[in-house]
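To start, the structure under review is shown below, and the notes come after it.
The values are calculated or read from the model by the stated rules, or taken from the named source; none is laboratory data. If you're wondering where the values come from, they're calculated on a predicted model, not measured in any experiment. As a convention, Cβ positions derive from the backbone with ideal geometry for all residues, glycine included, and neighbour counts pool all protein chains shown.
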Amino acid sequence: MNNSAANTGRVLWAGLRALLVLTVVCGVLYPLAVTGIAQVAFPGKANGSEVTDANGKVVGSELIGQSYHLPLKDGEETAAPDLRWFQPRPSNGLGSNSVNPRYKLILSGATNRSGDNAELIQWVKDAKAAVIKDNSTADYKVKPSDIPAEAVTSSGSGLDPHISPEYAKLQVHRIAERNHLDVGTVEKLVTDHTDDRILGFIGEPRVNVLQLNIALKGLVGERG
């Protein structure tokens, strides 16, 4: 009986020592080592790929999309888009932002509806009509055939921070009109903020909406 109790004690003590060692190694030393290496080698990515404005304030992450809406009016359930800014992909998962640090996430996820779902089809039709209405100006009319898919559909996560150069350019005339800017100046802004394919062949050209709007805000400020 005593021998059995002693063996049990040794096993328990060995297990406890293993637990303590593994806790220190895996729970303390390894995370600290990984964190230290990341802070030295990739500080920007390790800290969330933060994006700062002209004043050095963090206004978001280049990995997470944001929406640009007007304040809710009495009786409204859905805020209207602030058409002074470039608009991202439609999504219920984006927090509101007006190029300021008070952004927040609400939810993330896809609609999980099939391509022939009647509600999804209506959403796309409504989004398409809104894109035409919002981006048509006195001297520029949006054609339905010019609207790219991401202008009327959300991404799988609902938090895609990028749009295509085509969708950004479709918004140029509206941006120029709303902010009293020259169309050519806004077009150049889009071109300057268009990222090419990764390594020249991976993915598609893309525009980060937050970074583009920060540049737009700076441009509007310069023009007074």
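Considering the range 180-210, the residues that are buried (at least 18 other Cβ atoms within 10 Å of the Cβ) and of a type outside the set (D, E, K, R) include one that is nearest to E50 (Cα to Cα), namely L210. Entry remark, the range 59-84: residues being farther than 24 Å from R174 by Cβ and either outside the structural domain of I163 (by TED's automatic domain parsing) or surrounded by fewer than 11 Cβ atoms within 10 Å (Cβ to Cβ) (or both) number 3 in total. Going by the conditions given, is T111 touching a residue at least 40 places away in the same chain (Cβ under 8 Å) and more than 26 Å from S61 (Cα to Cα)? So T111 fails the test.
The residues on offer are L120, L189, L170, and the sole one that is touching a Ser or Thr at 6+ places or on another chain (Cβ under 7 Å) and either small (G, A, S) or without any contact (Cβ under 8 Å) to a residue 40 or more places away in the chain (or both) is L120.
With respect to S155, determine if the residue is modelled with pLDDT of 95 or more, farther than 17 Å from A215 by Cβ and of a type in the set (S, T, Y). Taking the combined requirement at face value, the residue does not satisfy it. Of everything in the range 85-126 that's among the β-branched types (V, I, T) and modelled with pLDDT under 80, which residue is farthest from V209 (Cα to Cα)? My answer is T111.
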